[in-house]
Amino acid sequence: MSKAEQLKDFLLGNIIKRQKDIDFDESLINSGLVDSFGLLEMVTYIEDTFGVRVEDYEILDAEADTINLIVELIESAENE
């Protein structure tokens with residue numbers, strides 16, 4: 001399973017419970033699907049699952065507002 005699919009499954013199972021599916025390029029934060037508490041939970045999941053350190057402000061600063069953009073941020077952190 002790809003990082004994008006893993007992150008999507010986590011989001012739908014734990015944070016975005018009112019939807020059955022989301023697109024990999026769908027806005028998460030600006031649309032209100034993920035709030036500040038959800039963002040913190042997602043960051044913890046990313047760190048635990050992918051073994052990289054990503055701060056919530058990094059997601060916001062990089063405007064990583066979609067699953068695909070967050071995966072790019074994760075992969076960038078893996079290469080550091």
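The values are calculated or read from the model by the stated rules, or taken from the named source; none is laboratory data. Owing to the predicted nature of the structure, the values given are computational and were not obtained by experimental measurement. Note: ideal-geometry Cβ built from the backbone for every residue, glycine included; neighbour counts use all protein chains shown.
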(request) Could you tell me whether any residue of region 24-38 is at pLDDT 95 or above and not acidic (Asp, Glu)? (result) yes
(request) Could you please tell me which pairs satisfy a Cβ distance under 7 Å, a separation of 6+ or placement on different chains, a first residue in region 1-12 that is among the aromatic types (Phe, Trp, Tyr), and a second residue that is at pLDDT 95 or above? (result) Phe10/Tyr45
(request) Can you tell me which residue within region 35-68, out of those that are assigned to a helix (DSSP H, G or I) and of a type in the set (Val, Ile, Thr), is nearest to the chain's Cα centre (by Cα)? (result) Ile67
(message) Regarding region 1-13, can at least one residue be identified that is surrounded by fewer than 16 Cβ atoms within 10 Å (Cβ to Cβ), touching a helix residue (DSSP H, G or I) at 6+ places or on another chain (Cβ under 7 Å) and basic (Lys, Arg)?
(response) no
(message) Can you find, within region 14-59, the residue that is surrounded by the fewest Cβ atoms within 10 Å (Cβ to Cβ) among those that are farther than 18 Å from Glu78 by Cα and of a type in the set (Phe, Trp, Tyr)?
(response) Phe37
